[in-house]
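Remarks on the structure that follows.
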Amino acid sequence: MRLLVLPVAAAILLASCGENGIRDPWKNPKIAVERRAEDLLRRLTTEEKLDLLSGDGFMSSHGVPRLGVPAIKMADGPVGIRTWAMPVSPARPGEPQTVHATAFPAGIAMGATWNPDLVAQEAQVIAQEALALGRNQVLGPTVNIARTPLWGRNFEGYGEDPWLTSRMAVSYIEAMQAEGVIPTVKHFAANNQETRRNTINVQVDQRTLEEIYLPAFRAAVEEAGVWSVMSSYNKVNGAWAAENPNLLNEILRKRWGFKGYVVSDWASTHSTAPTVNAGMDLEMPGPNVMPALKDLLKNFPGGNPGFDGGYLERSKLKVLVDSGQITKETVDESVRRILRILFISGIIDRSLTPETPKETPGVDTPAQRAIARKAADQSIVLLKNERNLLPLDPQKIHTVALIGPNAEFNRLGGGGSSAVNPDYSWKPADGIRERAAGKLQINYALGVAMEGEKEPAPAANLLKEAADLATRSDLAIVFVGFSAALEGEMADRKSLSLPAGQDDLIQAVARANKNTIVVINSGSPVDVTKWASQVPGIVEAWYLGQEGGHAIADVLFGDYNPSGKLPVTFPKSMADSFAPVDAPEVEYKEGIFVGYRHFDRKNIEPAFPFGHGLSYTTFAYSDLTLTPVSPRYGQTVTVGVKVTNTGSRAGAEVVQVYIHDVKFSVERPVKELKAFQRVELKPGESKLVTMTLDRHSMWFYDPLVKDWAAEPGEFDVLVGASSRDIRLKGLFTLYE
Ligand code: BGC
């Protein structure tokens, strides 16, 4: 690696030196980025600068062809490289319509791993594939909070908790940037429903923004130094997110110190001068494809009112620059931000030496697939396992009935811009057949067709066939949930319940066979109350990417001991939660009480709590220690806890640390997640797990002083296996 880099640097250096040594400082990788950016900036004509502020085509920026400055080539999305051709008619010449890449589990599934290191491995693979496919910006991660279980895009994000989401985001971003690929943390901000997403005004108070909806973006900027941020479609407190000076200039740049560029979500701009002046740097997609895009979107149900764009086109900008409504300095500032990242990411240097051999492993290699499988394994959450029916025991079980619309279909991911096209997509039924070969007899019945999919026989026949099969079998596994058509971008889910009569199917099968296990594909909670008490086993399998079928078999057979934990609360009913609002405005009246913060505050029992997830082994917690590192100021406390695997199988536990402020001047949640750690333990093994809480862990946003503050006093430190399974409790005092 080193050997390769040095000659390249030397070659660029030589190429950039004229008679007096430094003819083209911007080409010289030895010179500091800021100077290179400044040097390049001053060489650009006004027209070239203005062009940089808008895209060219669906997934590319402009670049500066005269100087050989490359365009930024983008691709969706958070969980794998998606085809970058415009989703209308044939691709542009030379651009493939379909791109194959590794499909990872959905964001919510990655959230369920509680394993930031694994997210880093995933992001590294996505970055490698981006480079191999000639892309250098990835439109992800999605870090919007799951405010309502019905949000169509919950599957893309990491769940309902800002701390868990932040840890995953930081890991993803750092790993991708380490490969020289630009991640794009999105959608900034308060983009929490699809209903009227292009026009809705989100009324949300500052404390709620600061504590719930912004922390992951803030961590992305302050901790990971993220290179790009994507603004959202909606309005926040009356101003479009794409032209929101408070969000873009004030919070993102002045307060957090963001140095990269803001890119608009696709067709989310509504003006020229206000957008540029508010701090937008790059409008996407290019004005040249806006008419075609608008045309395409007309055909979507409801016509998608509110999609707009094409405002930062060069000629429109020029008029306003000439009339002084946009200053030259403002334009320069945006250009500088884009150039800065072109240098930092290495995009310019890579383009200056096109003969450099690709240092990327390629696309969908065995090693990359192995990471996709590991991610899928660790994503699965075992919600219920009575009588230890799982893992399947071939000594006791000989015939297994696979039933349901998701058995012979691998639900890769939710619908919309994050959809990836892998080389193969492993079905649960195939995963199980492969694993059971020669040991178990496997039979299949559809039971019910997924809504919108072909029904091969009358519903009553399908149901009867499934129940009969279950009766004849030792055990039945019902594969239910959603499809990408029913859960995805552009629409919210209609209800918490499973679609297409799947509740009836589960009940019919459970009546026929008491050994019934339900496996769910969903990107968000589902209503399990109609049948949860009738079945001994429930597995949440989210959308697991291309390795879904293998991972489900791994868990059902115990080749992988499940370790996933819910990153979202499963409510018993929508009456216990919040629904998307079909109105011009939504007010986040619940404030900071989102997810388990809401259930705790109202003392509502969820169907399954945040942080819940079972294992085939058991873990004991003991010996809690709280060690203030700087006792005088009480600024940092190290939490130590001994975790022991008390069962007979190796497994992994996610130790969760919540804090509770004992006395407060402004209402605070009953508990807030502030640290967690996944620990792998052999049978009988104990490990001491240590995690650090710093002063920031005790912080809240004080609306009176308009800043973050920590109130000195006592804090409970709650250590547990879920938000409702607190095993140990300690007290910690924060001093002035
Ligand atoms: C989505 C973004 C996506 C973009 C480009 C938009 O509709 O909201 O998340 O990156 O399209 O596909």
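Some values worked out for this structure:
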quantity: Helix 502-512 axis, angle to the chain major axis (alpha carbon atoms, nearest 10°); calculated: 30 degrees
quantity: Exposure rank, largest accessible area first [Asp725, Asp423, Asp281, Asp308; 1.4 Å]; calculated: Asp423, Asp725, Asp308, Asp281
quantity: C-alpha long axis of helix 2-16 to longest principal axis of the chain, angle in °; calculated: 20 degrees
quantity: Alpha carbon centroid spacing (whole Å) that separates segment 640-690 from segment 479-533; calculated: 30 Å
quantity: Nearest-0.05 FRET efficiency for Arg35 and Ala650, computed from C-beta distance (R0 51 Å); calculated: 0.45
quantity: Amide H contacts under 5 Å for Ala101, placed H, 5+ residues apart; calculated: Asn421, Asp423
quantity: Total charge dipole magnitude, the chain, about the Cα centre, Cβ charges on Lys, Arg, Asp, Glu only, Debye to nearest 20; calculated: 640 debye
quantity: Neighbourhood charge, 14 Å Cβ-Cβ cut-off, centred on Ala512 and excluding it, Lys, Arg +1 and Asp, Glu -1; calculated: 0
quantity: Ratio of the Cα radius of gyration of segment 619-734 to 2.2 N^0.38 Å, where N counts its residues; calculated: 1.15
quantity: Kirkwood Rh, angstrom, the chain [1 / mean 1/r, Cα pairs]; calculated: 26.8 Å
quantity: Qualifying aspartates and glutamates (Cα of each under 18 Å from Cα of Lys663; at least 8 residues distant if same chain); calculated: Asp600, Glu672, Asp702, Glu711, Glu714, Asp716, Glu736
quantity: Sequence-separation-based contact order of the chain, relative, with Cα cut under 8 Å and 6+ spacing, percent; calculated: 14 percent
quantity: Lysines with Cα under 17 Å of Lys464, excluding same-chain neighbours fewer than 8 positions away; calculated: Lys514
quantity: Charge dipole of the chain about the Cα centre (unit charges at C-beta), most positive-ward option of Tyr444, Gly684, Ile517; calculated: Gly684
quantity: Net charge dipole size for segment 175-304 [Lys, Arg +1 and Asp, Glu -1 on Cβ; Debye, nearest 20]; calculated: 220 debye
quantity: Options Ile200, Val289, Ile380, ranked by Cα towards positive dipole end of the chain, top entry (Cβ charges); calculated: Ile380
quantity: Sulfur and carbon atoms: percent of accessible area, the chain [1.4 Å]; calculated: 53 percent
quantity: Cα-based helix-to-principal-axis angle, 33-43 vs the chain, degrees rounded to 10; calculated: 50 degrees
quantity: Exceeding the 24 Å Cα-Cα cut-off - candidates Lys235/Lys328; Lys374/Lys671; Lys572/Lys602; Lys294/Lys316; Lys565/Lys671; calculated: Lys235/Lys328; Lys374/Lys671
quantity: Residue order for Asp582, Asp364 - accessible surface, 1.4 angstrom probe, largest first; calculated: Asp582, Asp364
quantity: Inter-site label distance for Ala437 and Asp559 at 7 Å from Cα along Cβ, in nm; calculated: 1.1 nm
quantity: Trp426, Trp240, Trp114, reordered so the largest accessible area comes first (probe 1.4 Å); calculated: Trp426, Trp240, Trp114
quantity: Ser630 accessible area, assembled protein chains, probe 1.4 Å, Å²; calculated: 40 Å²
quantity: Only Lys, Arg (+1) and Asp, Glu (-1) charged, at Cβ; segment 376-601 dipole about Cα centre in debye; calculated: 760 debye
quantity: Cα lying deepest toward the dipole's positive end in segment 376-601, options Ala553, Pro580, Tyr596, charges on Cβ; calculated: Ala553
quantity: Accessible area expressed per residue, the chain, with surrounding protein chains retained (probe 1.4 Å, Å²); calculated: 36 Å²
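The values are calculated or read from the model by the stated rules, or taken from the named source; none is laboratory data. Quick caveat, the model's predicted, so the values are computed rather than measured. For neighbour counting, all protein chains shown are included, and Cβ atoms are generated from backbone atoms with ideal geometry for every residue, glycine included. To get the accessible areas, we keep the full protein, side chains included, count just its heavy atoms, and leave off ligands, DNA and RNA. Shrake-Rupley method; radii C 1.70, N 1.55, O 1.52, S 1.80 Å.
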